[in-house]
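Written below as structure tokens is the structure these notes are about.
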Amino acid sequence: MNIVNVDYDGLIPNNVDLARDARVKKALEKWHPGYIDWWHDMGPEGFQQALVYLRTAVSVDPKGWAKFDYVRMPEYKWGILLAPQVEARQIPFGAHKGEPAWQDVPGEHRAMLRRLIVIQGDTEPASVEQQRHLGKTAPSLYDLRNLFQVNVEEGRHLWAMVYLLQKYFGADGREEAEALLERRSGDPDTPRMLGAFNEQTPDWLSFFMFTFFTDRDGKMQLEALAQSGFDPLSRTCRFMLTEEAHHMFVGETGIGRIVEKTCAAMKAAGIEDANDIEAVRKLGVIDLPTIQKKANLHFSLTLDLFGSEISTNAANAFHAGLKGRFREDKLEDDHALESETYPVLRLVEGAIAKQEVPALSGLNMRLRDDYVAECSAGVGRWNRAIDKLGIRFEITLPHVAFHRHIGEFANIKADPAGNLSSDAEWQKRRDEFLPSDSDRAFIEGLMQPEFEPGKFASWIAAPKVGIDNKPGDFEYVKIAD
Ligand SMILES: [Fe+2]
Ligand SMILES: [Fe+2]
């Protein structure tokens, strides 16, 4: 069969020759109804019958892999798609560097590998659950469609991980696949595995921040797993990254369009002071200081997803050849890191200081540094737009010690500039740093749906171009009544 094109004949579209793999096919077909139930229960609320202009992967050819059409979301073709196999691929790093990439699970690393797959898998349905109420308040049909595109693709990412579990991990893989449908974001008894995936996404500003900051953590994790010596994981993640790019596009352009609308409205009203929150809010747009606070929140929550700065788990996963560094194949060093060091920000005698640690232990920090560099670039683009619109304000990323719950800075309080303060002082100033109740109430008040084709809510600008080059008034979602 042709790896580039996808077999759409069976219940589960795939390019892994599922038709000839009776055991896995059966396991997946058994898992399928539970998935559909989950989608109905926890997927986008109120829009299951809507016709949505979605892209579906029909190939894994980077030059053209998607087809656009109107689809009812429960009928979306969630497929299993692996990027083409690289011939004679070798394990690119760690103790097994240079050995042929594993086509089967390496027995000695089985538990660690399963855990990595389950953790990645758990984030995918979690974000669908977090975003399920947003449809009702979409600022346009264009944005509504983008939300649903992200949602169905996160659903497909769950399929991608479940395939690996069922194909390569037998009975315990099947158990993990079931458990992925049982946990629920924010549920006190059966929460999702990682903190940020149990937080709420109550409004569209949060959604765009989430896709900018938290989906980008997903991207970094996928990049690290795409380097894996376990070839099926590498190939799976490589294709997921193709889809992931759109999620971050939604976030970055979403915030960009909000910022643009705010600045344009301020200009038109002759408001120069971006901190004159009351005056700006009267214009029906979101003031820049509130956008900053949301960024502070989502950035800090997402940093926690990288885990502790100093981590034995990260060292072990690298040493074992399971999880590499960002763009490992482009890095020029020995790819073993046994004698290297890496600078890590730590709490040293009550102060934040840089310390060299063994490079293997500092791998989470390293991935996080690569992540922060990407975030800064995106924030820089927002700032250039603000500047161009003639407003004096700069959005900044808060210090990495700010508002942390995991790692070196979990037990201290720092302000967004990185100054340490007492708990009491921090609590007193909390509403300066993070969205307050009144900020949330203001944003909630703005979240009125705009479902007329080509129209946008007051607080967000129209995009520069349509999806699939469609014109501005294209009906991206046909809402069933
Ligand atoms: Fe994903
Ligand atoms: Fe994503």
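The values are calculated or read from the model by the stated rules, or taken from the named source; none is laboratory data. All values reported here derive from a predicted model rather than from experimental measurement. For neighbour counting, all protein chains shown are included, and Cβ atoms are generated from backbone atoms with ideal geometry for every residue, glycine included. These accessible areas exclude ligands, DNA and RNA; they are computed on the full protein's heavy atoms, side chains included. Shrake-Rupley method; radii C 1.70, N 1.55, O 1.52, S 1.80 Å.
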Pairing a residue in the stretch 174-189 that is touching a residue at least 12 places away in the same chain (Cβ under 8 Å) and polar (S, T, N, Q) with any residue that is outside any helix (DSSP H, G or I) and open to solvent by less than 100 Å² (accessible area, probe 1.4 Å), where Cβ atoms lie under 8 Å and the two sit 6 or more apart in sequence or on different chains, gives SER185/PRO191; SER185/ARG192
Of (1) in contact (Cβ under 8 Å) with a residue 40 or more places away in the chain; (2) more than 21 Å from TRP102 (Cα to Cα), LEU322 satisfies all except one. Which? (2)
Of the conditions (1) more than 16 Å from ligand 1 (Cβ to nearest atom); (2) surrounded by 24 or more Cβ atoms within 10 Å (Cβ to Cβ), GLN130 satisfies every one except a single condition; which number is it? (1)
With open to solvent by less than 70 Å² (accessible area, probe 1.4 Å) and free of Cβ contacts under 8 Å to residues at least 24 places away in the same chain as the only criterion, which of TRP426, TRP459 stands out? TRP426
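Can you pull out every residue in the stretch 320-330 that is buried (at least 19 other Cβ atoms within 10 Å of the Cβ) and assigned to a helix (DSSP H, G or I)?
Across the stretch 320-330, the qualifying residue is only GLU328.
Take the conditions out of contact with any Phe, Trp or Tyr (no Cβ under 8 Å at 6 or more places or on another chain) and either open to solvent by 20 Å² or more (accessible area, probe 1.4 Å) or not polar (S, T, N, Q) (or both) and apply them to GLU272. Does it pass?
Taking the combined requirement at face value, the residue satisfies it.
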Filtered residue count, the stretch 218-243, keeping only those that are open to solvent by 10 Å² or more (accessible area, probe 1.4 Å) and within 12 Å of ligand 2 (Cβ to nearest atom): 5
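Table: residues versus (1) part of a helix (DSSP H, G or I); (2) within 14 Å of ligand 1 (Cβ to nearest atom).
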| position | (1), (2) |
| --- | --- |
| HIS109 | yes, no |
| VAL118 | yes, no |
| GLY121 | yes, yes |
| ASP143 | yes, no |
| ASN146 | yes, no |
| ALA179 | yes, no |
| MET193 | no, no |
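Take ALA224 and decide whether it is modelled with pLDDT under 95, farther than 23 Å from PRO449 by Cβ and among the hydrophobic types (A, V, I, L, M, F, W, C). Walk me through it before giving the result.
Values: modelled with pLDDT under 95: no; farther than 23 Å from PRO449 by Cβ: yes; among the hydrophobic types (A, V, I, L, M, F, W, C): yes.
Answer is no for this residue.
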List pairs: first in the stretch 71-95 and among the aromatic types (Phe, Trp, Tyr), second in a loop (DSSP other than H, G, I, E, B) and buried (at least 21 other Cβ atoms within 10 Å of the Cβ), Cβ under 7 Å, 6+ apart or cross-chain? PHE93/GLN227; PHE93/GLY321; PHE93/GLY324
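Against the definition (open to solvent by 10 Å² or more (accessible area, probe 1.4 Å) and under 14 Å from the mean Cα position of the chain (by Cα)), how does ASN198 come out, yes or no?
On the way: open to solvent by 10 Å² or more (accessible area, probe 1.4 Å): yes; under 14 Å from the mean Cα position of the chain (by Cα): yes.
In short, yes.
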